[in-house]
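*Asks:* Okay, here's the structure, questions in a sec.
The values are calculated or read from the model by the stated rules, or taken from the named source; none is laboratory data. Because the structure is a prediction, the values reported are computed rather than measured. Don't worry about glycine lacking a Cβ; one is built from the backbone with ideal geometry, like all the others, and counts go over all protein chains shown.
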């Protein structure tokens with residue numbers, strides 16, 4: 001079975017490769033094709049994988065190419081992990097938002113909208129090549145903002161495009177471990193959007209253990225989410241919030257914390273990864289060892305800006321687990337091995353307060369026919385309000401990116417709950433359009449009514 005990884009020079013590629021090496025399925029992936037527009041990073045990552053796989057009892061053939069059509073032809077599954085603008089683009093997403101006193105985070109709020117605006121046209125173009133060259137392949141999207149991008153490419157590929165995030169599975173694993181069920185089979189009741197969801201049940205061995213966790217302050221404080229949100233707030237919700245909800249529930253604190261750091265997360269990762277690729281190029285024989293060290297540092301510092309300085313991240317949470325979810329998804333489809341997984345899929349009525357074509361993040365039953373979303377409860381008014389408002393911003397972002405409508409782009413910024421002024425939304429759009437030439441080109445011909453032109457701003 002052939003797996004194509006778009007963004008094959010990316011830093012997290014060895015996690016996927018490691019999972020493939022450990023896979024014991026008879027019909028497992030035996031060929032991994034890496035595609036990247038940066039041939040230097042592609043060469044480095046190929047070397048890392050060769051060293052990681054040395055002596056493996058079940059090796060995977062790795063092939064690399066900078067030509068996308070060559071990569072896609074004959075694919076069974078395709079992982080999309082592209083980053084339009086690279087990490088330098090992420091730093092601009094974050095800094096421009098902070099310069100306007102709003103949250104600077106790559107997938108949430110203004111930064112996520114900027115990232116989405118420049119990524120949607122590229123992702124849709126790739127989807128069109130997949131439709132032409134590998135129409136029977138399944139596309140598994142990791143590219144952020146994952147729900148927004150998945151919804152955009154479903155217009156081309158339909159339900160054969162599925163989004164994955166590791167946040168829900170990581171949350172479920174941490175919650176079960178806190179109750180003493182490490183390694184247990186957990187069925188999550190989960191509903192929302194990518195980076196905006198809640199756990200409302202935690203079924204282990206047929207029993208919902210979430211009430212036990214909510215009643216145990218010590219158990220709650222043993223997991224990252226308990227320390228982030230505090231036991232009182234989680235207990236008042238009667239649900240476990242996804243860690244990214246911190247940016248919505250504690251916006252002022254998050255902005256202040258990020259602004260108080262010497263670097264944004266994007267700036268830290270840019271420095272770290274630039275150093276890694278340079279060192280790996282200079283000393284190719286130790287590429288894998290250098291990658292491993294950099295990866296551990298990356299995981300240790302995840303969401304450092306909003307954690308208490310004395311709290312160390314649990315090593316069991318390193319890597320999140322998205323690659324394992326992806327393999328389970330592929331096994332369910334390719335080998336008709338039914339599985340229950342939290343995925344980003346077309347709604348089809350699973351979340352009743354959103355449209356049928358909206359991409360949501362919910363538990364799905366998956367077999368050879370693909371995922372079927374399960375009815376998921378968004379019970380409280382504030383949860384409904386948040387998902388509806390953020391989904392509206394996402395859909396405006398998609399429309400703006402595909403039509404070049406400045407009006408819709410400004411509306412996308414202004415609609416998002418983490419942008420607190422229409423005036424700020426206009427300024428954000430103008431700043432991002434000036435910083436990213438591809439955005440400036442898309443929207444150059446269409447002024448925003450009531451807003452100064454880019455040239456006069």
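*Asks:* Are any residues in segment 375-434 out of contact with any helix residue (DSSP H, G or I) (no Cβ under 8 Å at 6 or more places or on another chain) and within 13 Å of residue 196 (Cα to Cα), and if so, which ones?
*Replies:* If the condition is that a residue be out of contact with any helix residue (DSSP H, G or I) (no Cβ under 8 Å at 6 or more places or on another chain) and within 13 Å of residue 196 (Cα to Cα), then 382, 383, 384, 385, 387, 388, 390, 391 are the ones that fit.
*Asks:* Which of the residues belonging to segment 40-61 are surrounded by fewer than 22 Cβ atoms within 10 Å (Cβ to Cβ) and in contact with a strand residue (DSSP E or B) (Cβ under 9 Å, 6 or more places away or on another chain)?
*Replies:* If the condition is that a residue be surrounded by fewer than 22 Cβ atoms within 10 Å (Cβ to Cβ) and in contact with a strand residue (DSSP E or B) (Cβ under 9 Å, 6 or more places away or on another chain), then 42, 43, 46, 50, 53, 60, 61 are the ones that fit.
*Asks:* Tell me, please, whether a residue that is surrounded by fewer than 24 Cβ atoms within 10 Å (Cβ to Cβ) and not in a helix (DSSP H, G or I) can be found in segment 111-131.
*Replies:* The answer is no; no qualifying residue exists.
*Asks:* Regarding residue 299, is this residue under 19 Å from the mean Cα position of the chain (by Cα), closer than 30 Å to residue 151 by Cα, at pLDDT below 95 and surrounded by fewer than 17 Cβ atoms within 10 Å (Cβ to Cβ)?
*Replies:* Yes, satisfied.
*Asks:* Look through segment 313-328, keep the residues that are assigned to a loop (DSSP other than H, G, I, E, B) and modelled with pLDDT of 50 or more, and return whichever of them is nearest to residue 366 (Cα to Cα).
*Replies:* Taking the candidates together, the pick is 321.
*Asks:* Give me a count of the residues in segment 227-248 that are crowded, with 16+ Cβ neighbours inside 10 Å, assigned to a helix (DSSP H, G or I) and under 24 Å from the mean Cα position of the chain (by Cα).
*Replies:* So the count comes out to 9.
*Asks:* In segment 72-82, is there at least one residue being under 30 Å from residue 261 (Cα atoms) and part of a helix (DSSP H, G or I)?
*Replies:* The answer is no; no qualifying residue exists.
*Asks:* Is it the case, given these coordinates, that residue 279 is assigned to a helix (DSSP H, G or I) and under 21 Å from the mean Cα position of the chain (by Cα)?
*Replies:* No: the conditions fail for residue 279.
*Asks:* Next question, about the same structure. So residue 27 clears everything in (1) crowded, with 19+ Cβ neighbours inside 10 Å; (2) touching a helix residue (DSSP H, G or I) at 6+ places or on another chain (Cβ under 9 Å) except one condition, right? Which one?
*Replies:* (1)
*Asks:* Same structure again: Look at segment 404-432 and say how many of its residues are without any contact (Cβ under 8 Å) to a residue 24 or more places away in the chain and either in a loop (DSSP other than H, G, I, E, B) or within 21 Å of residue 124 (Cα to Cα) (or both).
*Replies:* So the answer is 2.
*Asks:* Next question. Assess whether residue 37 counts as being within 25 Å of the chain's Cα centre (by Cα), surrounded by fewer than 17 Cβ atoms within 10 Å (Cβ to Cβ) and free of Cβ contacts under 8 Å to residues at least 60 places away in the same chain.
*Replies:* Yes; evaluated as a whole, the condition is true for this residue.
*Asks:* Within segment 145-195, track down each residue that is more than 19 Å from residue 329 (Cα to Cα), assigned to a loop (DSSP other than H, G, I, E, B), touching a residue at least 24 places away in the same chain (Cβ under 8 Å) and out of contact with any strand residue (DSSP E or B) (no Cβ under 7 Å at 6 or more places or on another chain).
*Replies:* Hits for segment 145-195 are 145, 179, 195.
*Asks:* State the number of residues belonging to segment 52-71 that are in a helix (DSSP H, G or I) and more than 19 Å from residue 324 (Cα to Cα).
*Replies:* Residues meeting the conditions: 4.
*Asks:* Out of the residues in segment 182-205 that are over 23 Å from residue 359 (Cβ atoms) and at pLDDT below 95, which is nearest to the chain's Cα centre (by Cα)?
*Replies:* 186
*Asks:* Take residue 331 and tell me if it is touching a strand residue (DSSP E or B) at 6+ places or on another chain (Cβ under 6 Å) and at pLDDT below 95.
*Replies:* No; evaluated as a whole, the condition is false for this residue.
*Asks:* Here's a follow-up. Considering only segment 83-110, how many residues are more than 18 Å from the chain's Cα centre (by Cα) and either assigned to a loop (DSSP other than H, G, I, E, B) or closer than 28 Å to residue 20 by Cα (or both)?
*Replies:* Residues that pass the stated criteria total 3.
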